[in-house]
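What follows is a set of notes on a single structure, which appears directly below.
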Amino acid sequence: MPILSATDVKGTRGAIASFPSPHHFLLPYRQSPIMDTLKRWSNSDLDPTPESRRIWSMWSLSTYWLSDQCGPGTWTAGATLITLGWTAKEAIPYAFIGAACCGIMAYYNAMIGSKTHCCFPVIIRASFGPWAALVPVFVRALIWLIVLSFQAADCVTLCIAAIWPSYNTAIKNTFSPDAGVTTQQLVSMIIYWLIQTPISLVRVERLKYFFAFKAVVVPIAFFGLLIWGIVITDGGKTPYITGSSGPFSPGLTPCEASTASTIAVNIPDFSRYQRPTRYQWTQLIVVPVTGTIPVMCAIIATSAAQSHYGAVDAWQPSSLIGLFGDRAVRFFVSAAFLIAYIGVNISANSVSFANDFSSICPRYFNIRRAGILAAILIFLGQPWDLLKNAGLFLNFLGAYGSFLSGVAAIMACDFWIVRKGKLDVPELYKPGGRYWYWHGINPRAVAAWIISFAPNLPGLISAVNPAIKSVNPYTYSFSWFFGTFVAGGCYWAFCKIWPPHASFVDEAVWDLAAETSPSSSSDAESKKEEESTYVLPVKNVEDRV
C-alpha cells in the first residue's frame, strides 16, 4: 500500500508549486527607450537621476559634508591618536592635512556625480569596466555599517540609563565574559536598529532634510565637549600624554585620511541629486574645515579626560560620555551621538551598500530592497572584535583607506585627466559598448589598483600581528597617500602607453533619454525603435581594449 495516495501527491506538488519562485521577486519593469534590452545593467535607481529628483542645492551638499564629518568615526579617529601617545599640537595640523587632501579628491569625484547624475557603481564602470567594477563595489560600506551599528548600541544604553538607571542592572547577561558583547548591548543594538532602519529606507534625495537636522544638532554636542575639555583643564593647561609616536608615526594622517577616503568614493551617490551650480568650488573649503573641527574637538576632549580622570579608556564616544555624572548631560550628549551614528551609517554605509548591491543584482534589488538586506546583515556580523582596543581599530582604518584611496584616485584620474571630462553616459549601461574593454574588464585600472595596495599588505599584516615583521613598513605608514598617488599615476601611465581609443568621445553625452519626450507619440515610437536596434560602434575586441 503506497504511503501517499495520488491525491496526497497531487496536493504536495501543488503546495510546492505555490511557493514563490525567483521571478516573483523581479522588480516591476519600467519602460525606458535605452534600457529596454539592458536589464542586467540597470534599473530605475541605477539610471541617471531624472530632473524631477535633482533637488539638492549647494547648501544641501554642505550640510551633508558637515553631517558626515561630525560623526563617531571622525571622533574616534582623533581620540585614538591621543590614546596612542600624540599631543594635540601634533595631531591637529596633520588631521587638517589629511582632510584637505581628501577634500580635493572628494571635490572632483562629487563633480563627476553632479555632471553625470549617476551613482558610484555606474561611474566606476568607465574606468574599471562593467565586470571589474563589481570588485571595488564589494569593498565598500558593509563592514562599517555593522561596526557602527554595534557602537551605537552603547549610546542607546546611555540614553535609556540616563532616564531609567535600572536599565544598567535589569537585563541579566547570558553571554560568556570573553564573547565581547553582553545581552544588554544586544538589546540596545536591536533598539538602535529599529530606529535606524525606517530612516534608511527614505528616498535618498529626501534625506537632505535629515542631514540638515543632524548638521545643527551634532556640532552643538561636539563643541560642548570641546568647551568642557577646556574648562576642566583650566584653559587647556594639561599635561598631554606623550609617547614614542612622532610626526611620522603610522596611523596619524592615514587614520584621518582613511576615514575621509570613504567619503571621496561615496560622494557621487549623493551629488547625483544636485542641481547645477557655479559654487561647487566651495566644497574645497567645506571639506577640510568640517573634517578638522570634529577631530580637534575629539583630541582636546579626550586629552582632557585622560588628564582629569587618569588613565581611562575614553577613545570611544560612549566611554567619554559615561564619565559624566549629570544624567541630563549624559542623555543629551548621547542622544546627539546617536543621531550622528544614524546619519553616518546612512550617508556613508547604508546608501552606498544599497547602490552597490543594486548594481550587482539590478533585476531583483533596487535601493530600498538592498537597504532592507543591509539592515538584516547587520545582525550577521560580529564587530566587537574590531573594537576591543584602539590599536586594532586604527590598523583597520588604515587598511580600509588603502583599498578605497586607489579606487577614488582611478575614478578621478579617468574622468578628469584621461577623458578630459567627456563621458558617454548611455554607453555605461551597454554590454559590449565602448566601456566594455576586454570581456568587461579594463586591465589598466585593475593593474593600477593592485599596484596601489599590494605594497601595503606586509605592513597591514605586521600591524595586526606584531610577531610578523613587516618587510616594507614605509608605504603602510602613509597608506592613503601612497595608494592615491600610485593608483592615479599608474593608471594615467598605462592609458598613455596603451590608450583605450574605443572609449574616447569627442563630445560628452550626459542624457540617457530615460523618459520619452512629450512631443508626439510617433516620434517617441520611432526613437524607441531606433535605440532598441542600436548598433555598437565597436568592430572587434581589440578596438574595445
Cα-projected label distance for Lys172 with Trp498, points at 7 Å along beta-carbon direction, nm:
6.5 nm
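What does the extension gain come out to for Leu377 and Ile55, with contour length at 0.36 nm per residue minus their alpha carbon separation? Walk me through the numbers on the way to the answer.
Details: separation 322, 0.36 × 322 = 115.92 nm, distance 3.07 nm.
That works out to 112.9 nm of additional length.
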Run the quick spin-label model on Phe213 and Lys420: label points 7 Å from Cα toward the beta carbon, then report their separation in nm to one decimal.
4.8 nm
About its Cα centre, region 75-190 carries a charge dipole, from +1 on Lys and Arg Cβ atoms and -1 on Asp and Glu Cβ atoms, whose size in debye to the nearest 20 is 340 debye
Would you list Asp269, Asp326 from fewest to most Cβ contacts within 10 Å?
Asp326, Asp269
Quick one: which residues, 5 or more positions from Val509 or on another chain, have an amide H under 5 Å from its amide H? H modelled 1.01 Å from N in the peptide plane, none for Pro or chain starts.
Leu423, Asp424, Val425
How many nm separate the modelled label positions at Tyr279 and Asp234, each set 7 Å beyond the Cα in the direction of the Cβ?
4.5 nm
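Net charge around Ser57, counting only other residues with Cβ within less than 9 Å of its Cβ (Lys, Arg = +1; Asp, Glu = -1)?
Details: positive: Lys208, Arg275; negative: none.
Taking every Cβ under 9 Å from that of Ser57, the sum is +2.
Which of Glu205, Glu507, Glu427, Glu51 comes first, and how do the rest follow, when ranked by fewest Cβ neighbours within 10 Å? Could you put the intermediate results ahead of the total?
Values: Glu205 18, Glu507 6, Glu427 21, Glu51 10.
By the 10 Å Cβ count, ascending, the order reads Glu507, Glu51, Glu205, Glu427.
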Among Met411, Met58, which comes first, then next, by fewest other beta-carbon atoms within 10 Å?
Met58, Met411
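Pairs to check: Lys420/Lys496; Lys430/Lys496; Lys115/Lys496. Give those whose C-alpha atoms are more than 18 Å from each other in this structure. Working shown, then result.
Working: Lys420/Lys496 13 Å; Lys430/Lys496 25 Å; Lys115/Lys496 25 Å.
Checking Cα-Cα distances, Lys430/Lys496; Lys115/Lys496 exceed 18 Å.
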Output ordering of 98-107, 497-506 (per-residue mean of other Cβ within 10 Å, highest first) is 98-107, 497-506
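All of the numbers you see were taken from the coordinates with simple rules; none came from a lab. Only a predicted model underlies this, so the values are computations on that prediction, with no experimental measurement involved. Every residue, glycine as well, gets a Cβ built from its backbone with ideal geometry; the counts of neighbours run over all protein chains shown.
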